[in-house]
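Heads up: the structure comes next, in structure tokens.
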Amino acid sequence: MHGAFLFRGKAGWRRQPAHERGYAMVAVVAGIGVMAAVAAGAASFTATRLDTVEAETARARLIAAADAGVEIALANLTRPGLATRWSIDGRTYNESWSNVPVAIRIEDEAGKIMLNRIDGENIGWLISALDLPQDQVEILRDSFDDWIDQDDEPRANGAETDFYLQRGYAARNGPPNSVEELGDIRGFTPALVDRIARIATVEVNGTAFDKRYADPLAIQVMSDGDAGAADVIERQREIAGQRPALSINDPADWSGRVVTIIAVARGPGGAEARRRVVVELTGKARQPYLLRWGA
């Protein structure tokens with residue numbers, strides 16, 4: 001019986017032939033392989049689900065932190081005492097929410113380049129300050145002028161309606177209605193529009209440009225491109241912390257001011273969530289601000 005393999009059939013227990021034992025062993029090994037593959041697949045699926053859940057949880061936490069950053073900014077902008085309120089000069093405030101670091105910046109909309117009040121020459125100063133090549137500066141300058149003028153005659157480096165018809169629209173023949181509209185104009189790439197959006201706006205309520213809290217580059221563009229102007233240098237020094245920031249002490253001056261709040265929550269591995277809202281400060285205790293726009 002040495003080496004025999006017994007199994008129970010219909011006629012009772014009997015010795016299994018050698019060739020049948022080989023088939024049985026193959027079947028057992030194959031079955032083990034299938035079960036191992038199923039188990040491995042299940043483990044991989046579970047790990048993937050866990051990774052997905054963890055990633056979604058981390059993302060939700062960053063979004064919540066960015067939202068909290070906006071609320072922190074609003075609280076500090078609407079304190080009862082004007083002297084204790086946060087500055088609106090574009091400085092960065094480093095806060096945290098639930099151990100998530102949040103960088104918060106507040107920008108005065110009246111201190112930004114007002115795209116609906118400038119022409120191609122101003123755009124040329126801006127693009128030059130951003131260190132773009134001169135040929136690109138000329139295209140952007142002429143194209144902006146063509147976009148806002150009333151005729152359909154393109155400038156040497158510009159573009160008029162004939163150029164835009166293939167894209168399904170025409171030149172506005174008037175000032176842009178938004179910063180994002182720059183993306184419709186020849187030469188303005190999405191990356192360039194993002195850079196310009198940092199210091200530009202479109203104002204519709206008649207507010208004049210206010211250099212007190214403006215970015216130095218905005219002052220330069222709105223001051224005929226003079227990078228060496230005294231007020232440009234003054235704001236550079238102020239933002240660098242070389243002198244105290246100006247504060248708004250007159251309640252009437254604070255009331256009705258429109259500001260942009262940008263809150264960026266950052267997590268490990270370069271992950272981040274960003275919130276950007278535009279609010280009007282009313283100066284009223286019952287309703288201290290009005291939301292104009294948010295994303």
- request: Being among the aromatic types (Phe, Trp, Tyr) and more than 21 Å from Leu281 (Cβ to Cβ) is the filter; apply it to segment 73-126 and report the residue that is farthest from the chain's Cα centre (by Cα).
  value: Trp125
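Residues checked against (1) touching a residue at least 24 places away in the same chain (Cβ under 8 Å); (2) hydroxyl-bearing (Ser, Thr, Tyr); (3) assigned to a strand (DSSP E or B):
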{"position": "Val259", "(1), (2), (3)": "yes, no, yes"}
{"position": "Gly269", "(1), (2), (3)": "no, no, no"}
{"position": "Arg275", "(1), (2), (3)": "yes, no, yes"}
{"position": "Val278", "(1), (2), (3)": "yes, no, yes"}
{"position": "Gln287", "(1), (2), (3)": "no, no, no"}
{"position": "Leu290", "(1), (2), (3)": "no, no, yes"}
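Run down Ala295, Ala273, Ala245 and say which single residue is modelled with pLDDT under 75 and within 14 Å of the chain's Cα centre (by Cα).
Residue meeting the stated conditions: Ala295.
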query: Does segment 72-118 hold any residues that are under 14 Å from Arg198 (Cβ atoms) and exposed (fewer than 14 other Cβ atoms within 10 Å of the Cβ), and which are they?
result: Thr92
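Only strands (runs of 3 or more DSSP E) wholly contained in segment 7-108 count here; list those with 2 or more residues that are at pLDDT 60 or above.
On the way: elements: 12-15, 89-97, 100-108.
Result: 89-97, 100-108.
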- request: Among the candidates Ala197, Ala214, Ala171, Ala208, single out the residue that is farther than 24 Å from Asp131 by Cβ and buried (at least 16 other Cβ atoms within 10 Å of the Cβ).
  value: Ala171
query: Out of all the residues in segment 203-214, is one or more β-branched (Val, Ile, Thr) and at pLDDT 85 or above?
result: no
- request: Might you let me know whether segment 137-144 holds any residue that is basic (Lys, Arg), in a helix (DSSP H, G or I) and surrounded by 19 or more Cβ atoms within 10 Å (Cβ to Cβ)?
  value: yes
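The values are calculated or read from the model by the stated rules, or taken from the named source; none is laboratory data. What you see is a predicted model, and the numbers here were worked out from it, not measured in a lab. FYI the Cβ positions are ideal-geometry reconstructions off the backbone, even for glycines, and counts take in every protein chain you see.
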